[in-house]
Each structure stands twice: as C-alpha cells, then as structure tokens.
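Undergrad: One structure is given below, represented as structure tokens, and several questions about it will come after.
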Amino acid sequence: MELKVHNNLTRQKEKFTTVNPNEVKFYSCGPTTYDFLHVGNARALVVGDLFHRVMLALGYKVNFVRNYTDVDDKIIQRANELKVDPLVHAQRFVDECRKDMDSLGMLPATHTPKVSETMPEIISMISDIINNGAGYVVEGEVFFNVLKADHYGKLSKKDLDGLQHGQRVEVDTRKINPADFVLWKPAKAGEPFWESPWGKGRPGWHIECSAMAKKFLGETVDLHHGGVDLMFPHHENEIAQSEAANKKAFCNCWAHNEFLNFGSEKMSKSLGNVVTMRAFIEKYSGQVLRQILLSVHYRARFDWTDEAIERAIQDVVRIHEFALELSKKAPANCPTDSEALKAVEKFVLDFNEDLANDFNSAGALGQFFSFIRLVRRDVLVKDVSSELLNKIVYAVSHANTALGHIHKDPAALLKQLESLKGSGDVDASWVEGLIEERKKAKSDKNWKRADEIRDELKAKNIVLIDNKDGSIAWKMQ
Ligand code: AMP
Ligand code: ZN
C-alpha cells in the first residue's frame, strides 16, 4: 500500500519515497533529560513510535534513530543546583525516560545515541563545515555562517533578510551575520567539557542531530520527525549543517507533530502547566495515555481535558474487554462464515488505508472500533471456524503492530482501570458535550460515531432518554 506523508518541506501530502527500496532511514529528535517528562513530550514520543510502527506494519524495514540530549544548559544548571555531576544527572533521567517509554508500549528504536557518546563525530562534522567555508572560529567559539547555507529558511519558510533584521536581542558582535548560530562553545568554569581543535568546550544544541543522523543513517535520511516547535531554528539548522558538511541533500521528508495544549497554551515546563507522564501513568496506565494521543491526528492541536481522559479510559476498557473475550474463544468444527471473513479482510485493508494516509491513527482507531462491534455481534456469539478465528487474531495482532494499543496483559490493565471507578462523579458537562456531539453525528448521518457515543455513555451506566419535544435527557442507571 502506498504511504503518503505531509512533507513540511513542500507543505504538501506526498507519496513517500525512500533512497533504498523498502528501507526507511528515520530520525526523530528525542528528549533533553534533565527532569521527568510531561504528557506533551509524550506526544512527540508516541508520534515517533507511531511512524515507526506503521512503517513496519506496511512492510518497510526501518532504521530508526531517536537521540537523548544529555549535554545541555538546562541539565548543567539543574545538576549544579543539586550539586551532582551533570552527566550522572542526565543519565538518571535517561533511565526514567526509558521506564516511561516502556509503560507507553513503545517499540525500541534501532539506535538511541547520547551527545556525550558522539563527540568524535560532532567534532569531525564541525571541522568539515569549517573546511567547506560555512563555519568560522572566534575566541574558541565556532559559528555557522547562514549566508553559506543552501537556501537557509527552506523548511520553516522564513526569509533570511527578515531573520537578519528582526533580531530583538542584542546581536553578538563577533558574528558575521546576526542569524549565525553556535556549533561549538568554550566551557565555563565548572562546566563539563571535551577537548577539540578549538579548545575545551561542548557542542551547540543543533549539531548533535546532524552528527548522529550521519553516524547511524548516512548522509541523506528519508524521514525526520520532531515537535512543531523544533522546525525553527533546530531543524532549519540541522539542514544547514548537514548539507554544508556533506554536500548532499539532508532529508527528503519532514513531519512535525502539533502541540498538546493545556488551557490555551502549550504544555511546557517553563510555563509550569505540566502533568508528568509518570504521575499520569501510575494512576491511569500508559495505555490510556497512548489512547489519548493516538485518538487525534498528529498534525492537529490537542487540548488536554478531563473529557479526553474519560473518553480514552472507556476506549481502552472496550479494546481490552474485547481482547480478553477473543483470547477465550475456541474454534469449532463448522464451516467458515464467508461474509464475516470478507468483513475482516476489508477491515485490514481499510485500517491500512487510514494509516497509509499520513499516519491517520484517529481514523484507524475508528476502523478498529467498528471491527470490534462486528466481531462481537456476528462472530463471538456463535460457533466460529478456525479459519475465521485465525484471520481475526491476525487482524488484531496486525492492528497492534501498527498502533501498540493492546496491553500484553489485558486482565491486569482492566483491573487497574476498574479501581478508578467511583473515584469521581460523572461530569455533567462531559455527558452533555457527548449528547451534543451525538446529535450532530446523527444529523451528519455519521451513525458509527453516534453509536460509539451511546456505547461510551452506557459503559458509564448513563442512559439517554428521548423526550417528546426532540430534546434528550440522561440519567444514571
Ligand atoms: P524538549 O525536551 O523540550 O527538547 O522536547 C522534546 C520533544 O517534545 C520535542 O520534540 C518537543 O517538540 C516535544 N514537545 C515538548 N512540549 C510539547 C507539547 N506541549 N506538545 C507536543 N510536543 C511537545
Ligand atoms: Zn534534533
């Protein structure tokens, strides 16, 4: 099936191509490890994992690199406050991050390099940039000359003139152009440092991803991902550096996930409006967090609300009750129901089609819920041949390869979610919001969504009452 991806280089959805047939070189910018991650960071992680899984499910071989930024100002500052070694501090949060990724059911990346382990490659790339005339050294600091880049601004669509003159902060007078950026900086007293041809120091932020991509993927990558905030300057600078060093196109397709917002603003440590992944996962499970994040297209903004959490819990319960029921069903010696067999085959095709359409996980989940309804209604209630049962089990396992939405122990997860019941009263505005949405779904003839909403409310013991005047009331059973 042909994969299409919205490529931010062209701002268009395009047929996805790879340098080597069927083999994807994929890079995703990973976290800076100075503290526990929040659920906004989780969006970037889960979207990277979604791309990885979908490409595997569609039959690609994927070489996937996701880095850890373990050398950075924020890490050094936090470690100094705590009076610990910055690299020890960073490693502690690499380990914590790995635990959260496991809870989220993420597949391991092929390579997970750290800056501290990539210094020779970083230094060699900076030397290439200088030798190719795009970098210059001032007092032990190395800068990138943006005027030497091939079309600086081609990803973010920023105009270099505007960038040069729009600088509000006081410009470093050592720079040739105001928009030039740092490749290597000298270490201040007490900071970690590495030896380099320009003195003791450490890399600027952007060069690490250029060096790591080259080390594990080669000079040209097929797909590069990160949060939308990274498009400028980080990704723009990665392109400038890699193309100046390698004299080759750096990346053919750029995909960015939108923000997860809290209130009207981006969830972010610096704004202080964060929910940590760890706290959320401990209460609700990684599966609920994954469900929340997959139920919206990666290019759509997403508001973190209680309603979204409630909805995801119901969805996760539905998926895992189904997984349990299916695991208990034994095949019978009976003819295959050919209609049901065709419907299962069609589900796999429709599901793949959604995912191949710019990783539309929300659409694919919708297909999966229709599939659950079909199997429950037409198959699990009667005898089923081994041919049909095998096909269903294959379809579920294929869906799980692509979405990772089924926990390996459904019973344990259901128990955890069961324990949440009674921990809060039903939120009337949530129910009324769903009733409104159901009305709209019905008037749009979107019966699938209307049924989903009714089921969702029913699972919460809420019944709908159709009044004579056309209005709808609700009550707890
Ligand atoms: P950082 O640790 O800040 O470098 O962020 C790691 C990744 O998380 C980057 O890809 C960011 O774009 C992403 N990220 C941070 N905050 C959010 C958010 N609120 N919504 C979506 N992605 C985010
Ligand atoms: Zn990066």
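The values are calculated or read from the model by the stated rules, or taken from the named source; none is laboratory data. Computed from a predicted structure; not experimentally measured. Every residue, glycine among them, receives a Cβ derived from its backbone with ideal geometry; neighbour counts consider all protein chains shown. Side chains are part of the model used for accessible areas, which takes the heavy atoms of the whole protein and leaves out ligands, DNA and RNA. Shrake-Rupley method; radii C 1.70, N 1.55, O 1.52, S 1.80 Å.
Undergrad: Restricting to region 228-238, what's the tally of residues that are within 12 Å of ligand 2 (Cβ to nearest atom), touching a residue at least 40 places away in the same chain (Cβ under 8 Å) and open to solvent by 10 Å² or more (accessible area, probe 1.4 Å)?
TA: Adding up the residues that qualify gives 3.
Undergrad: Has region 55-64 got any residue that is under 24 Å from LYS269 (Cα atoms) and at pLDDT 95 or above?
TA: The answer is no; no qualifying residue exists.
Per-residue answers, yes or no, for (1) away from ligand 1 (no atom under 15 Å from the Cβ); (2) out of contact with any Pro (no Cβ under 7 Å at 6 or more places or on another chain); (3) assigned to a helix (DSSP H, G or I):
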residue: ASN41; (1), (2), (3): no, no, yes
residue: HIS89; (1), (2), (3): no, yes, yes
residue: SER116; (1), (2), (3): yes, yes, yes
residue: MET125; (1), (2), (3): yes, yes, yes
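Undergrad: In addition: Looking at GLU265, GLU219 in this structure, which one is modelled with pLDDT of 95 or more, farther than 30 Å from SER419 by Cβ and surrounded by fewer than 18 Cβ atoms within 10 Å (Cβ to Cβ)?
TA: Just one listed residue meets the conditions, GLU219.
Undergrad: Another question about this same structure. Kindly provide the set of residues from region 433-460 that are free of Cβ contacts under 8 Å to residues at least 40 places away in the same chain, open to solvent by 60 Å² or more (accessible area, probe 1.4 Å) and within 33 Å of the chain's Cα centre (by Cα), ordered by number.
TA: GLU436, GLU437, LYS439, LYS440, LYS442, ASP444, LYS445, ASN446, TRP447, ARG454, LYS458
Undergrad: If you don't mind, another one. Restricting attention to region 241-249, does a residue exist that is touching an Asp or Glu at 6+ places or on another chain (Cβ under 9 Å), within 30 Å of VAL138 (Cα to Cα), of a type in the set (Ser, Thr, Tyr) and away from ligand 1 (no atom under 13 Å from the Cβ)?
TA: Within region 241-249 (the criterion being touching an Asp or Glu at 6+ places or on another chain (Cβ under 9 Å), within 30 Å of VAL138 (Cα to Cα), of a type in the set (Ser, Thr, Tyr) and away from ligand 1 (no atom under 13 Å from the Cβ)), the answer is yes, since at least one residue qualifies.
Undergrad: Of all residues in region 11-39, how many are away from ligand 1 (no atom under 13 Å from the Cβ), touching a strand residue (DSSP E or B) at 6+ places or on another chain (Cβ under 6 Å) and farther than 24 Å from GLY218 by Cβ?
TA: So the answer is 1.
Undergrad: From (1) crowded, with 23+ Cβ neighbours inside 10 Å; (2) out of contact with any Asp or Glu (no Cβ under 8 Å at 6 or more places or on another chain), pick out the condition that doesn't hold for ASN67.
TA: (2)
Undergrad: If you don't mind, another one. Of the conditions (1) without any contact (Cβ under 8 Å) to a residue 24 or more places away in the chain; (2) β-branched (Val, Ile, Thr); (3) buried (at least 16 other Cβ atoms within 10 Å of the Cβ); (4) not in a helix (DSSP H, G or I), ILE130 fails just one. Which one is it?
TA: (4)
Undergrad: Next question, about the same structure. Go through region 70-80 and give me each residue that's open to solvent by 70 Å² or more (accessible area, probe 1.4 Å) and either at pLDDT 95 or above or within 16 Å of ligand 1 (Cβ to nearest atom) (or both).
TA: Within region 70-80, ASP73, LYS74, GLN77 qualify.
Undergrad: A further question on this structure: Hey, could you check region 364-383 for residues that are within 15 Å of ASN400 (Cα to Cα) and either open to solvent by 30 Å² or more (accessible area, probe 1.4 Å) or small (Gly, Ala, Ser) (or both) and say which is nearest to the chain's Cα centre (by Cα)?
TA: Ranking the qualifying residues of region 364-383, first place goes to ALA364.
Undergrad: Given (1) open to solvent by less than 10 Å² (accessible area, probe 1.4 Å); (2) modelled with pLDDT of 95 or more, identify the lone condition not met by ALA249.
TA: Result: ALA249 passes all but (1).
Undergrad: Criterion first (touching a residue at least 40 places away in the same chain (Cβ under 8 Å), surrounded by 21 or more Cβ atoms within 10 Å (Cβ to Cβ) and within 23 Å of PHE16 (Cβ to Cβ)) does SER361 satisfy it?
TA: yes
Undergrad: Looking at (1) in a loop (DSSP other than H, G, I, E, B); (2) open to solvent by 50 Å² or more (accessible area, probe 1.4 Å), can you tell me which one PRO178 breaks?
TA: (2)
Undergrad: Which of (1) in the same structural domain as THR401 (by TED's automatic domain parsing); (2) hydrophobic (A, V, I, L, M, F, W, C); (3) touching a residue at least 60 places away in the same chain (Cβ under 8 Å) does ALA332 not meet, given it meets every other one?
TA: Single failed check for ALA332: (3).
Undergrad: Looking at (1) surrounded by fewer than 13 Cβ atoms within 10 Å (Cβ to Cβ); (2) touching a strand residue (DSSP E or B) at 6+ places or on another chain (Cβ under 9 Å); (3) of a type outside the set (Val, Ile, Thr), which one does GLY162 not meet, given that it meets all the others?
TA: For GLY162, the exception is condition (2).
Undergrad: Select, from VAL24, VAL46, VAL62, VAL5, the only residue that is among the hydrophobic types (A, V, I, L, M, F, W, C), crowded, with 19+ Cβ neighbours inside 10 Å and part of a helix (DSSP H, G or I).
TA: Among VAL24, VAL46, VAL62, VAL5, only VAL46 is among the hydrophobic types (A, V, I, L, M, F, W, C), crowded, with 19+ Cβ neighbours inside 10 Å and part of a helix (DSSP H, G or I).
Undergrad: Restricting attention to region 110-120, does a residue exist that is open to solvent by 20 Å² or more (accessible area, probe 1.4 Å), among the hydroxyl-bearing types (Ser, Thr, Tyr) and closer than 23 Å to PRO186 by Cα?
TA: Yes, region 110-120 contains at least one residue that is open to solvent by 20 Å² or more (accessible area, probe 1.4 Å), among the hydroxyl-bearing types (Ser, Thr, Tyr) and closer than 23 Å to PRO186 by Cα.
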